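Here the structure comes first, spelled out in structure tokens, and everything after it is commentary.
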Amino acid sequence: MRGEALLAVLQLSDSGFPSGRYTLSHGLEAFAHEGLLETPCTRNTLGAFLADWIRFGVAPSDGIALACTHRAVHADGGVNTELAVRIDRRLSAVKLAREGREASTRTGRALLAAARAVAGVSMQGYADLVELGYTPGNHAVVLGLLGALLDVPAFDAVVSELSAFSTSWVAAAVRLGLIDHLTAQFVLRRVRPVLVEAAERAVVGHVDDIASHTLLPDLMSMRHEHAELRLFSS
């Protein structure tokens, strides 16, 4: 059953899942429009950029939040909703750009709505709090709860989330014409060790450790919000 549970988490975290993650460039479109990335972009440049994005942004924010939420699920399947809400609010607080916050909650709510049909689990108590607006419903928090309820180890759940982000990120780079498909695969291979290291750090993090240190990407996301033409929603 563990193999089936892991496949379920991979399906839920995948950028192709109908939660809307395929509409996100995570601020990369703004970098391209501002001419801060050459076209075509070299694989080493883009690989280093993605590695930093993972290390300083995604892993210490969404990664740690996912791991903490995973621990909010008791052995009997009960959820410590008070802890989950605290994690959820903290994660929203460190997402400085409005586009990033809205994308995280929009995809999280879509994932939550599909949880019963796709994963066969229910999180009614938490879902009610999201519906009432008491807690944001961030994607990483929802995925953390799902991973624990499906008996997927926290490390595996965090790695799959970081991998899904990376795949979505390079797919956006391809659609923006920054790289071709072959270069995208090279970039993904290059960041594998970074994903593993970042997941190892994230899985032992605590709620107060949830943070983000990506000032320039946050600023570019804020500028993207006012762009006249946009291919992506973030």
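The values are calculated or read from the model by the stated rules, or taken from the named source; none is laboratory data. This is a predicted model, so every value here is computed, not measured. When we count neighbours, we look across all protein chains shown, and the Cβ atoms used for this are built from the backbone with ideal geometry, even at glycine.
Here are the numbers:
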read-out	value
Any pair with Cβ under 6 angstrom, 6 or more apart, that starts in segment 33-58 at a residue that is among the charged types (D, E, K, R) and ends at one that is part of a helix (DSSP H, G or I) and crowded, with 19+ Cβ neighbours inside 10 Å	43/183; 43/187; 55/198
Of residues in segment 76-85 being surrounded by fewer than 16 Cβ atoms within 10 Å (Cβ to Cβ) and at pLDDT 90 or above, the one nearest to the chain's Cα centre (by Cα)	83
Qualifying residue in segment 72-84 (condition: over 23 Å from residue 202 (Cβ atoms) and in contact (Cβ under 8 Å) with a residue 40 or more places away in the chain)	yes
So residue 67, is it buried (at least 22 other Cβ atoms within 10 Å of the Cβ), in contact with a strand residue (DSSP E or B) (Cβ under 8 Å, 6 or more places away or on another chain) and modelled with pLDDT of 80 or more	no
Selected residue (criterion: farthest from residue 83 (Cα to Cα)) from residues of segment 174-202 that are in contact with a helix residue (DSSP H, G or I) (Cβ under 6 Å, 6 or more places away or on another chain) and small (Gly, Ala, Ser)	184
Of all residues in segment 92-107 being in contact (Cβ under 8 Å) with a residue 60 or more places away in the chain and touching a His at 6+ places or on another chain (Cβ under 7 Å), the one that is surrounded by the most Cβ atoms within 10 Å (Cβ to Cβ)	107
Filtered residue count, segment 10-42, keeping only those that are in a helix (DSSP H, G or I), at pLDDT 75 or above and among the charged types (D, E, K, R)	1
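Here's the yes/no breakdown for (1) without any contact (Cβ under 8 Å) to a residue 40 or more places away in the chain; (2) at negative phi:
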| position | (1), (2) |
| --- | --- |
| 133 | yes, no |
| 145 | no, yes |
| 155 | no, yes |
| 160 | no, yes |
| 185 | yes, yes |
